[in-house]
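The next block holds one structure in the form of structure tokens; read it before the comments.
The values are calculated or read from the model by the stated rules, or taken from the named source; none is laboratory data. A quick note: this is a predicted structure, and the numbers were derived from the prediction, not measured. Here the Cβ positions follow ideal geometry from the backbone for every residue, glycine too, while neighbour counts run over all protein chains shown. In case anyone asks, the SASA skips ligands and DNA or RNA and just uses the protein heavy atoms, side chains included. Shrake-Rupley method; radii C 1.70, N 1.55, O 1.52, S 1.80 Å.
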Amino acid sequence: MPIIVNLDVMMAKRKMSLNELSEKVDLTLSNLSILKTGKAKAIRFSTLEAICRALDCQPGDILEYRGEKENN
Amino acid sequence: MAHKNTFVFIGLQIIAWIIFVGLSIEAGGLLVNFAFSIFKPEFVPNLYQKLDLSALYQSSLWVFYSMYSFVLMIAVLKALLFYKLIQLLMKLDTAKPFSSLAARQITRISYFIFSIGILSYIARQSAKNIMHHGYELSVLNPFWEDSQAYILMAAVVYAIATIFSRGVEIQNENDLTV
């Protein structure tokens, strides 16, 4: 998928574990895991807002677009 | 509302089971009679549901067995249809109804209904043609008089199955939306 989720990178920068983040954004561990492993098909703005607030970052820090040509 | 739906659901399961048992008994009875007609022809005048096809048996064995095969196949398909329906009702989860299993089962049910409709139609037309040659087959009409209703029902159920499959896709996408 062209949209890459760099959640683990931001979590490492902020030294936050998955459990901590899940409690702060009120999302289950399984849903966060779906997001972290790139299996998510869509993300709600409310979820993105909560994650950005918890990690003190911008959406662009978490989401990255990598086109098909770049991947190849 | 949820409580009422559960009650209706359970009621539907019970009715489906009752109908399935009745259809199984009918199919079983017809199958046993078919076997008897091959090995003990003296029982042909006393078939299931007091069918007396002895005149047909005497005049043409080919016509007797072909018409009886139609009757038997339709009866077995009807029993299998309700078995599939019971499987669907037992495995359906009302909290998450749009599962690929349910979509597949509804599609299979539509195929069964279509098969019954087509077979009934062919049997009815065959019986009509055979009756032109002097054979008396009106006693078998109740077994295939509602063929058009089955074909119509198959079309409706297939449309529902298609919509259900789309529902499954939407639900899967929703499950992967965080």
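In this structure, B:Tyr150 does satisfy being within 19 Å of B:Val71 (Cβ to Cβ) and either at pLDDT 95 or above or open to solvent by less than 50 Å² (accessible area, probe 1.4 Å) (or both). If I filter segment B:38-46 for residues that are of a type in the set (Asp, Glu) and over 26 Å from B:Asp146 (Cβ atoms), do I get at least one hit? There is at least one residue in segment B:38-46 that is of a type in the set (Asp, Glu) and over 26 Å from B:Asp146 (Cβ atoms). Filtered by the rule that a residue be within 11 Å of another protein chain (Cβ to nearest Cβ) and loosely packed, with under 14 Cβ neighbours inside 10 Å, segment A:6-29 gives a lone residue, A:Thr28. Determine, yes or no, whether A:Leu32 is surrounded by 14 or more Cβ atoms within 10 Å (Cβ to Cβ) and free of Cβ contacts under 8 Å to residues at least 60 places away in the same chain. Considered against the rule, which asks whether it is surrounded by 14 or more Cβ atoms within 10 Å (Cβ to Cβ) and free of Cβ contacts under 8 Å to residues at least 60 places away in the same chain, A:Leu32 comes out as yes. Figure legend. Inter-residue proximity from segment A:42-58: first residues crowded, with 17+ Cβ neighbours inside 10 Å, second residues not in a helix (DSSP H, G or I), beta-carbon distance below 6 Å, spacing 6+ or different chains. Indicated pairs: A:Ile43/B:Val178; A:Thr47/B:Val178; A:Leu55/A:Arg14. Scanning segment B:114-151 for residues that are assigned to a helix (DSSP H, G or I), more than 14 Å from the chain's Cα centre (by Cα) and of a type in the set (A, V, I, L, M) yields B:Ile122, B:Ala123, B:Ala127, B:Ile130, B:Met131, B:Val139, B:Leu140. Just one of the listed residues (B:Glu173, B:Glu145) is in contact with a strand residue (DSSP E or B) (Cβ under 9 Å, 6 or more places away or on another chain) and acidic (Asp, Glu), and it is B:Glu173.
Against the criterion of being within 14 Å of chain B (Cβ to nearest Cβ) and farther than 18 Å from A:Met16 by Cβ, A:Gly67 does not qualify.
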